[in-house]
């Protein structure tokens, strides 16, 4: 899936540090602290897929909906946010090798 190196890094988003880790052949992980739990303020699990678009179609066919359509991330690929039929928010991420 992911072909480029992305080392473990610390970034700042607002006043909270974020931690991102990726290793070849492993699941990528990102963590960010939040003081408020609620819709739009909780962690979003990202699932890496080869191509986002077919999954966006399937989610709507199964009763979920797209919250954020396929969106470019410069030099990293694309991502989208979806809500399943139970109301769970999660994301999809696609490496830049797939158009």
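We did not get these values from a lab; they are worked out from the coordinates using the rules stated. In this text the structure is predicted, and so the values were computed from the model without any measurement. All Cβ positions, glycine included, derive from the backbone under ideal geometry; neighbour counts span all protein chains shown.
Of the residues 58, 70, the one with the fewest other Cβ atoms within 10 Å heads the list, and the complete ranking is 58, 70. A full extension of the chain between residue 88 and residue 71 corresponds to an added length of 4.2 nm, given 0.36 nm per residue minus the alpha carbon distance. The fewest-to-most ranking of 82, 93 by surrounding Cβ atoms within 10 Å reads 93, 82. On the beta carbon distance between residue 97 and residue 44, with R0 = 25 Å, the FRET formula returns roughly 0.65.
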